[in-house]
1. Using the Kirkwood radius over Cα pairs, work out the Stokes-Einstein diffusion coefficient for segment 2-60 at 4 °C and 1.567 mPa s, in µm²/s as a whole number.
2. Give the peptides 36-46, 5-15 in descending order of average Cβ contacts within 10 Å, highest first.
3. Whole-Hz Karplus ³J(HN,Hα) for segment 47-61, in order, using 6.51 cos²θ - 1.76 cosθ + 1.60 and θ = phi - 60°, x for Gly and Pro?
Amino acid sequence: MIGVIAALVLETVQRSPNLAAIQEALTDGAPLTTMLFLIIVGGTLFTWFLVQTGFVQAITG
């Protein structure tokens with residue numbers, strides 16, 4: 001998301017932004033943002049699972 005915002009700012013500073021450039025920046029940034037979000041959600045769910053099953057207590061004594 002930060003990269004998309006930076007691309008839009010640079011586009012505005014260098015020349016007037018057009019719809020195609022904005023669409024390209026959003027299209028290029030969406031997969032990376034989605035992957036990072038899924039990694040964070042997956043890690044959170046995995047941590048929750050480990051705590052709920054008592055695995056953390058079992059290995060820490």
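A short reminder: the numbers here are calculations on the coordinates, not readings from a lab. In this text the structure is predicted, and so the values were computed from the model without any measurement. Don't worry about glycine lacking a Cβ; one is built from the backbone with ideal geometry, like all the others, and counts go over all protein chains shown.
1. Reported coefficient: 91 µm²/s.
2. 5-15, 36-46
3. 4, 4, 4, 4, 5, 5, 7, x, 5, 4, 5, 5, 8, 9, x
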